[in-house]
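What follows is a single structure, written as structure tokens, with notes after it.
The values are calculated or read from the model by the stated rules, or taken from the named source; none is laboratory data. The structure displayed is predicted, hence computed values, not measured ones. Neighbour counts run over all protein chains shown; Cβ positions are idealised from the backbone, glycine included. Surface accessibility is based on the protein's heavy atoms, side chains included, excluding ligands, DNA and RNA. Shrake-Rupley method; radii C 1.70, N 1.55, O 1.52, S 1.80 Å.
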Amino acid sequence: MIRSRLPIKHIIQKAGQIRHQSSSPLQGDAGSKATHLHHKMTTFLAVTTPLYFLAPSDSLPPMADSVIGLALAVNVSAHSWVGMNYVVTDYVPKVSKAMTGPARILTAGLSALTLAGLGKIATNGKGGLKGAVGGLWKKKEE
């Protein structure tokens, strides 16, 4: 049996420190503040999304609908960015450590694209996010 020179407690502590060191602004998962913010976004999305989509369409003025839709768009985009950074941190180095940087750039780009798309839908005058999602189940009028 091969024994490690470092005690297991020290190895686990070092692994935790690696996750929380930030060397790039693209590391959305670095630090305890990022984790705390990610959990706050999860709670916001879990509470707000069903309330928004289950509320009657006429219950909100158009401006409030746009503001809530935009808040959801920002939170979905940021939540996916941080979450995908956790995936990059955990799995990409197993394939290639050199791919970690490009994977983070791809994640940031996809999140920015998501924000742009959802933001445009949320602020259009055709029902916003609720109208777009509801339109998936409506039959086309001929």
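Would it be correct to say that A46 is open to solvent by less than 40 Å² (accessible area, probe 1.4 Å) and over 18 Å from A30 (Cα atoms)? Write out each step before concluding.
Details: open to solvent by less than 40 Å² (accessible area, probe 1.4 Å): no; over 18 Å from A30 (Cα atoms): yes.
Considered against the rule, which asks whether it is open to solvent by less than 40 Å² (accessible area, probe 1.4 Å) and over 18 Å from A30 (Cα atoms), A46 comes out as no.
Of all residues in segment 106-127 being of a type outside the set (S, T, N, Q) and modelled with pLDDT under 90, which is most open to solvent (accessible area, probe 1.4 Å)?
The initial filter retains those residues of segment 106-127 that are of a type outside the set (S, T, N, Q), namely 106, 108-110, 112-113, 115-122, 125-127.
Still in the list and also modelled with pLDDT under 90: 125-127.
Values: G125: 86, K126: 176, G127: 35 Å².
Selected residue: K126.
In segment 49-75, what count of residues is obtained for those that are of a type in the set (A, V, I, L, M), without any contact (Cβ under 8 Å) to a residue 12 or more places away in the chain and open to solvent by 70 Å² or more (accessible area, probe 1.4 Å)?
4
Any chance you could count how many residues in segment 117-136 are under 19 Å from P61 (Cβ atoms), among the small types (G, A, S) and not in a helix (DSSP H, G or I)?
Selection size over segment 117-136: 2.
So which of K120, K94 ends up being farther than 26 Å from G135 by Cα and of a type outside the set (A, V, I, L, M)?
Numbers: K120 fails: farther than 26 Å from G135 by Cα.
Exactly one residue qualifies, and that residue is K94.
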